[in-house]
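J.: Here's a structure for you.
Read-outs: derived from the displayed coordinates by stated rules, not from any lab. Here the structure is a predicted model, which means the values were calculated and not measured. Here the Cβ is made from the backbone with ideal geometry for all residues, glycine too, and neighbour counts use every protein chain on show.
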Amino acid sequence: MSSMKPMGGSGRRVSARTLREFGDLALGYVDLGREALFGASPDYDTVSWESVLRDLESRGDGVAEILDELALRDLEEATRQILRYVHQENPRGAQWPADSILARCCYLLCRLVRPAIVVETGVAYGVSSAFVLQALEENGRGVLHSVDPPPLRRGYARSWGVAVPEELKARWTLHRGTSKRILPGLLEKLGTVDVFLHDSLHTHRNMRREFEAVWPCLRTGGVLIADDVERNRAFGGLRELNQSLWRVVRDREARPLHGNAAPVTFGVVVK
Ligand SMILES: C[S@@+](CC[C@H](N)C(=O)[O-])C[C@H]1O[C@@H](n2cnc3c(N)ncnc32)[C@H](O)[C@@H]1O
């Protein structure tokens, strides 16, 4: 572990890394604000989650069986309990975790693709990480590399990745920092990626930078999943590339992992 001390409070030292992370996050929030005011919204054709399941089934995969797996249902129940507890501590954190459909999508696609290497950006409580890791465990192979700058406010660090069960952590490496800083070096080291999940900072600049970095490393038949693609036009750029499936899912949760059933939007591309 690092020698980093928490920010704030008299007599506490602030490390250079903490300052850099604070600066990176602050710049990200400036971008978010700027794009909220001046950014262009996309006008994507959207499909239901059921429709994407039919797309995948038509490729000859055992979609229904995977979605009925006990490991998935157990993880969903365990996640609901953890998030209930986490949100009692921090009700404002309810905006962070992956929704129930995105979580299922991560599990399903990792079961179908049987990846050796999965990379994700954006960890927070670790809901998407847990669903990817559970799928890797069921596959009996594969590792997950997650990229996230740690929460800066004191106390939040306790819940960073808390939804990931201890027994799944052997396949998990958490890289501390923004995707801008971490992804280029990580991808160079990994060479090939089988599944990529974007769930970090949803600005056009950041999403496009992540997609451009990952796409050349994504193997043919590999999958890119991106949450909240309706925020800007970055995901639309992937439609222009050489892909075999490009979909924007817009649907409403049936059995949420936390809070009330909400509308959800995310994108899926198969290279
Ligand atoms: C929506 S939450 C991720 C939710 C998570 N995937 C889950 O299912 O629980 C967004 C996360 O992105 C992280 N983040 C923000 N800016 C980032 C950046 N530039 N690079 C990587 N991660 C970033 C935040 O620290 C936060 O943990």
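J.: Gap in Å between the Cα centre of the stretch 35-64 and the Cα centre of the stretch 230-271?
T.: Answer, in whole Å: 5.
J.: Sticking with this structure for a sec: Can you give the direction-averaged projected area of the convex hull of the alpha-carbon atoms in the stretch 44-270, in nm²?
T.: Numbers: hull surface 45.5 nm².
Spelled out: convex hull of the Cα atoms, projected over all directions, averaged, 11.4 nm².
J.: Taking amide H atoms as placed 1.01 Å from N in the peptide plane, list the residues 5 or more away in sequence, or in a different chain, whose amide H sits under 5 Å from that of residue 197.
T.: Those qualifying (amide H under 5 Å, at least 5 residues apart or on another chain) are 119, 120, 121, 225.
J.: Same structure again: For the chain, give me the percentage of DSSP beta bridges that are antiparallel, rounded to the nearest 5 percent.
T.: Here the antiparallel bridges make up roughly 40 percent for the chain.
J.: Once label points are set 7 Å from the Cα along Cα→Cβ at both residue 255 and residue 69, what is their separation, rounded to one decimal in nm?
T.: The answer from the label model is 1.6 nm.
J.: Let me ask you something else. Count the net charge of all other residues whose Cβ sits under 12 Å from the Cβ of residue 83, scoring Lys and Arg as +1 and Asp and Glu as -1. Each step should come with its number before you reach the end.
T.: Working: positive: 80, 84; negative: 76, 77, 89, 99.
Summing Lys and Arg as +1 and Asp and Glu as -1 gives -2.
J.: Next up: Give the relative contact order (percent, whole number) for the stretch 44-270; include only Cα pairs under 8 Å separated by 6+ residues.
T.: Relative CO of the stretch 44-270 lands at 22 percent.
J.: Can I ask one more? Grab the other residues whose beta carbon is less than 13 angstrom from that of residue 55, score K and R as +1, D and E as -1, and report the net. All intermediate terms of the calculation are to be shown ahead of the outcome.
T.: Working: positive: 54, 59, 247; negative: 50, 57, 61.
Charge balance near residue 55 sits at 0.
J.: Give, as a single signed number, the net charge of other residues whose beta carbon lies under 9 Å from the beta carbon of residue 112, with Lys and Arg counted +1 and Asp and Glu -1. Show your work: numbers first, answer last.
T.: Values: positive: 59, 111, 114; negative: 61.
With Lys, Arg at +1 and Asp, Glu at -1, the net is +2.
J.: Right, another one. For residue 30 and residue 167, what is the calculated FRET efficiency with R₀ set at 45 Å and r taken between the beta-carbons, to the nearest 0.05? Provide the component values of the computation, followed by the final result.
T.: Numbers: r = 40 Å, r/R0 = 0.89.
The formula returns an efficiency of 0.65 here.
J.: Roughly how many nanometres apart are two label points built 7 Å out from the Cα toward the Cβ at residue 59 and residue 81?
T.: A separation of 3.4 nm, rounded to one decimal place.
J.: Report for the stretch 168-271 the percent antiparallel among DSSP-assigned beta bridges with both residues inside it, nearest 5. If you can, show how the numbers build up before the last one.
T.: Values: 13 of 18 bridges.
Close to 70 percent.
J.: Further question: Given a Förster distance of 25 angstrom, what is the FRET efficiency for residue 114 paired with residue 189, based on the Cβ-Cβ distance and rounded to 0.05? Let's see the in-between values first.
T.: On the way: r = 22 Å, r/R0 = 0.86.
So the FRET efficiency works out to roughly 0.70.
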